[in-house]
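These notes are about the structure you will find just below.
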Amino acid sequence: MVYVRKNVSKLTRTERRRFVEALLELKRSGEYDEFVRLHIEHFVGDGDRGLRAAHMTPSFLPWHRRFVLDMESALQRVDPSVTVPYWDWTRDRSTTSVPWTDDLLGGTGRPVDRQVMTGPFAYRTGNWTITESITNVEFLTRNLGRPRDPIDLPTRDDLNWALKDPVYDVAPWDSTVTKGFRNKMEGWGSGRVVWRNHNRVHRWVGGVMLGGASVNDPVFWLVHAFMDMQWQRWQRRHRKHRYLPAKPPGRGSAQYGRIVARHERLPPWDVTPDELEDMSAIYRYA
């Protein structure tokens, strides 16, 4: 049966509670931290050695599609009614709007150390101690909107700028490309506009969302569900265009062995980008 991922602003009180409780149960069991470790392990950049599967690469979207799907499956083992909601940051743009409410994700961090003090994921509740990270900080941090150096969330126009590009990705298949839907959505840039769409949202949230350990903030899942929704929108708009590259770069290319082509295995799973292009038999967005 196809299940539905809803806008987080449309969740009922019961749906909010069950989503939060399922997340907390995964944290208690230690399973949540496995997701954090996996993301840190696969956070490989242009300047690093080895395969880029999760970021700065064509497989950014299918990698996170599978990642969110795995989290959703874990949540549903706790509570079959739960699905991952999405946060539409083009509509809910305030630091006090959904999802930054006490019954969902809590609010921004306090000025002195960015520690989140409200909501179910506040360190002081004893339910959300950060154990897998790239720092020694044990508490969840945020800096919504960066008050001392303000930054705005992406707009509907920013999304449409990416969605209207009919080409999925282009060589050299990294963070430097200026054409193609993938990087316009992932958001690496240069010059006056450095961060766009996905990357700009991470910057707007701040705190632990700024690095490879961003999964420690539950908003990560809502952000990437919305990103996944945009990929579906792009696929419907450009039906003749697909994931690129279709074939891996040759041995003479600087990207040889560094990216995942359409029919290649996407680590750490035994699945290809091709197999992740159509999710209509599993879920849909409302």
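The values are calculated or read from the model by the stated rules, or taken from the named source; none is laboratory data. As the structure is a prediction and not an experimental result, all values here were calculated from the model. We place every Cβ from the backbone using ideal geometry, glycine too, and count neighbours over all the protein chains shown. Note: areas computed on protein heavy atoms with side chains; ligands, DNA, RNA excluded. Shrake-Rupley method; radii C 1.70, N 1.55, O 1.52, S 1.80 Å.
Below are the figures for this structure:
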quantity: Some residue of segment 184-199 being within 15 Å of the chain's Cα centre (by Cα), of a type outside the set (Phe, Trp, Tyr), outside any helix (DSSP H, G or I) and over 19 Å from Ser59 (Cα atoms); calculated: no
quantity: Flag for Thr131 being in contact (Cβ under 8 Å) with a residue 12 or more places away in the chain, under 25 Å from Ile40 (Cβ atoms), of a type in the set (Ser, Thr, Tyr) and surrounded by 12 or more Cβ atoms within 10 Å (Cβ to Cβ); calculated: yes
quantity: Qualifying residue in segment 206-213 (condition: touching a helix residue (DSSP H, G or I) at 6+ places or on another chain (Cβ under 6 Å), over 25 Å from Gly47 (Cβ atoms) and open to solvent by 10 Å² or more (accessible area, probe 1.4 Å)); calculated: no
quantity: Count of segment 13-56 residues which are under 30 Å from Leu163 (Cβ atoms), out of contact with any Asp or Glu (no Cβ under 7 Å at 6 or more places or on another chain) and of a type outside the set (A, V, I, L, M, F, W, C); calculated: 8
quantity: Flag for Ala225 being in contact (Cβ under 8 Å) with a residue 60 or more places away in the chain, closer than 17 Å to Thr83 by Cα and open to solvent by less than 20 Å² (accessible area, probe 1.4 Å); calculated: yes
quantity: From the options Arg66, Arg49, Arg77, residue that is open to solvent by 50 Å² or more (accessible area, probe 1.4 Å) and under 16 Å from Glu31 (Cβ atoms); calculated: Arg77
quantity: Residues (part of a loop (DSSP other than H, G, I, E, B), closer than 21 Å to Thr90 by Cβ and basic (Lys, Arg)) located in segment 130-183; calculated: Arg142, Arg146, Lys164
quantity: Filtered residue count, segment 145-179, keeping only those that are open to solvent by 80 Å² or more (accessible area, probe 1.4 Å) and in contact with a helix residue (DSSP H, G or I) (Cβ under 6 Å, 6 or more places away or on another chain); calculated: 0
quantity: Sole exception among (1) of a type in the set (Gly, Ala, Ser); (2) part of a loop (DSSP other than H, G, I, E, B); (3) without any contact (Cβ under 8 Å) to a residue 60 or more places away in the chain for Ser81, by number; calculated: (3)
quantity: Failed condition for Glu186, given (1) open to solvent by 20 Å² or more (accessible area, probe 1.4 Å); (2) in contact with a helix residue (DSSP H, G or I) (Cβ under 7 Å, 6 or more places away or on another chain); calculated: (1)
quantity: Some residue of segment 130-143 being under 23 Å from Met227 (Cβ atoms), of a type in the set (Ser, Thr, Tyr) and in contact with a helix residue (DSSP H, G or I) (Cβ under 8 Å, 6 or more places away or on another chain); calculated: yes
quantity: Any hit, segment 20-33, residues being in contact (Cβ under 8 Å) with a residue 60 or more places away in the chain, farther than 15 Å from Val215 by Cα and either in contact with a helix residue (DSSP H, G or I) (Cβ under 6 Å, 6 or more places away or on another chain) or open to solvent by 20 Å² or more (accessible area, probe 1.4 Å) (or both); calculated: yes
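Here's the yes/no breakdown for (1) in contact with a Pro (Cβ under 7 Å, 6 or more places away or on another chain); (2) on the phi < 0 side of the Ramachandran plot; (3) among the β-branched types (Val, Ile, Thr):
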| site | (1), (2), (3) |
| --- | --- |
| Trp89 | yes, yes, no |
| Asp92 | no, yes, no |
| Thr101 | no, yes, yes |
| Gly107 | no, yes, no |
| Pro111 | no, yes, no |
| Pro120 | no, yes, no |
| Gly126 | no, no, no |
| Thr131 | no, yes, yes |
